[in-house]
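Report on the following structure.
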Amino acid sequence: MSSRKLAGLGTTILLVVALVLVGLFVKGPYILHVFILIMMRVMLASSLRLINLSGQLSLAHGGLVTLGAYSSALLAMKLGLSTWPAMLAAAVFAGLVSFLIGFPFSRLKGIYFTMVSIFFVQIIVLTVQQWRGLTGGASGLYNIPRPDGFWGVEFKSKTSFFFLMLGLMLVSLLIMWAIERSRVGMTFRGIQQADSLAESVGINTTGFKVLAFSIGGFFAGLVGGFYAHYVSALDPTAFGFLFTIYILIYMIVGGAGSFAGPIIGAALLTVLPEVARPLESYMPFVYAAILMLIIFLMPEGLVGLPRRLSRLFRKTAKEQTDVAG
């Protein structure tokens with residue numbers, strides 16, 4: 001194993017250990033809530049990147065999260081289904097809807113695919129708002145049951161939800177990492193870099209794009225299901241267009257070209273509003289400014305910052321050596 005891979009593995013282990021220690025020793029509900037939000041957004045930004053890996057810029061994630069959240073809540077409330085199969089069924093349903101709409105959507109390219117995905121979000125939100133008999137309409141859903149206890153763990157505290165979200169995030173990231181490193185992931189990258197060339201050598205580009213969209217939809221639906229049982233209430237506008245834009249910003253700011261990019265972007269940009277409360281009303285403008293700076297100054301995202309600093313230090317050291325000589 002190369003030194004770079006060993007360093008990456010070591011960093012990953014340290015981060016996981018640090019998160020476990022946070023869950024064990026931090027008892028403040030607010031801090032734990034922020035960490036839960038970070039992990040949810042890491043999952044969403046990473047699953048959006050998986051879709052983007054196949055050359056599709058999707059803005060449908062907000063609609064898929066809404067679909068997963070309401071599906072899981074309604075399965076538990078209306079049908080009396082246990083929360084665990086309800087969450088899994090909601091994720092599968094979101095993935096299935098992604099699969100069904102993926103075929104007509106994925107035939108569109110570039111900005112056309114992005115525009116249609118925006119309409120999909122609005123259709124989901126409007127459907128939830130208008131279907132009052134089932135979804136509660138604009139008033140939303142309340143008293144959604146908490147996850148059923150297992151192995152003696154009752155999900156009544158922030159700590160229990162922290163570890164549940166940590167487990168979901170780690171398993172999801174491991175699956176996405178394995179997909180990216182597999183032959184399927186290599187095909188995604190090939191389609192992203194040269195769609196027409198991949199098609200000319202016999203690759204079913206539409207099928208692979210639909211597959212990426214479906215996998216991303218599954219994880220978005222899973223996050224939605226978790227959120228519904230975590231907060232016990234749903235607002236149909238909570239995951240609208242602006243929410244989806246934020247997920248996209250997390251991915252771009254962190255670095256869409258690297259697996260670690262969305263993780264870094266989601267973590268930093270979730271913490272930022274919490275430490276800059278006086279600027280809360282201006283946060284969309286702050287995000288826009290950060291996005292512009294990243295696009296023009298660091299196209300590879302924050303994940304490329306260490307490499308840039310390393311080159312800068314080497315260049316400075318060389319110049320000083322030349323002057324001294």
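The values are calculated or read from the model by the stated rules, or taken from the named source; none is laboratory data. From a predicted model like this one, the values you see are computed outputs, not experimental measurements. Here Cβ is always computed from backbone atoms with ideal geometry, including for glycine, and neighbour counts include all displayed protein chains. In case anyone asks, the SASA skips ligands and DNA or RNA and just uses the protein heavy atoms, side chains included. Shrake-Rupley method; radii C 1.70, N 1.55, O 1.52, S 1.80 Å.
A 1.4 Å probe, protein heavy atoms only, puts the accessible area of Trp84 near 70 Å².
How much length would be gained if the chain were fully extended between Phe313 and Gln192, taking 0.36 nm per residue of separation minus their Cα-Cα distance, in nm to one decimal? Kindly include the intermediate steps, with their values, before the conclusion.
Values: separation 121, 0.36 × 121 = 43.56 nm, distance 3.37 nm.
Fully extending the segment from Phe313 to Gln192 adds 40.2 nm.
Loop-resident trypsin sites (Lys or Arg not before Pro) (DSSP state other than H, G, I, E or B) in the stretch 1-108 with no more than 15 further Cβ atoms inside 10 Å of their Cβ: Lys27, Arg107. Normalised per residue, the accessible area of the stretch 2-86 is 42 Å², obtained with a 1.4 Å probe and no contribution from ligands, DNA or RNA.
Once the Cα-Cα distance is subtracted from the 0.36 nm per residue extended length, the Ser157 to Ser82 segment shows a gain of 25.1 nm.
Rolled with a 1.4 Å probe across the full set of protein chains, the surface gives Glu300 an accessible area near 60 Å². Counting protein heavy atoms only, the stretch 26-324 has 70 percent of its accessible area on carbon and sulfur, 1.4 angstrom probe.
Which number gives the lysine pairs in the stretch 26-324 that have C-alpha atoms under 30 Å apart and are eight or more places apart or on different chains?
Values: Lys27/Lys156; Lys27/Lys158; Lys78/Lys156; Lys78/Lys158; Lys109/Lys209.
The number of close lysine pairs in the stretch 26-324 is 5.
Can you give the Rg to Rh ratio of the stretch 26-324, both from alpha-carbon atoms, with Rh computed by the Kirkwood formula? Let's see the in-between values first.
Details: Rg = 20.5 Å, Rh = 20.3 Å.
Looking at the stretch 26-324, the ratio lands at 1.01.
Computed over the chain with a Gaussian network model linking Cα atoms closer than 10 Å, the most mobile of Leu15, Leu108, Leu75 is Leu15.
How high is the relative contact order of the chain, given as a whole-number percent (alpha carbon pairs under 8 Å, six or more residues apart)?
Details: 455 pairs, mean separation 95.7, N = 325.
The value is 29 percent.
By its C-alpha gyration tensor, with a ≥ b ≥ c as the square roots of the eigenvalues, how is the stretch 74-164 shaped: rounded for a/c under 1.5, else prolate for a/b larger than b/c, else oblate? Could you put the intermediate results ahead of the total?
Numbers: a/c = 2.51, a/b = 1.76, b/c = 1.43.
Judged from the Cα gyration tensor, the stretch 74-164 comes out prolate (a/c at least 1.5, a/b above b/c).
Compared with the dominant Cα axis of the chain, that is its longest principal axis, helix 158-181 is turned about 60°.
Keeping all protein chains in place and using 1.4 angstrom, which order do His33, His61 fall into by accessible surface area, from largest down?
Numbers: His33 60, His61 0 Å².
Result of the area sort, largest leading: His33, His61.
Loop-located chymotrypsin sites (Phe, Trp or Tyr not before Pro) across the stretch 25-128 with a Cβ neighbour count of 13 or fewer within 10 Å are lacking, with loop assigned by DSSP.
Once the Cα-Cα distance is subtracted from the 0.36 nm per residue extended length, the Val16 to Thr206 segment shows a gain of 64.8 nm.
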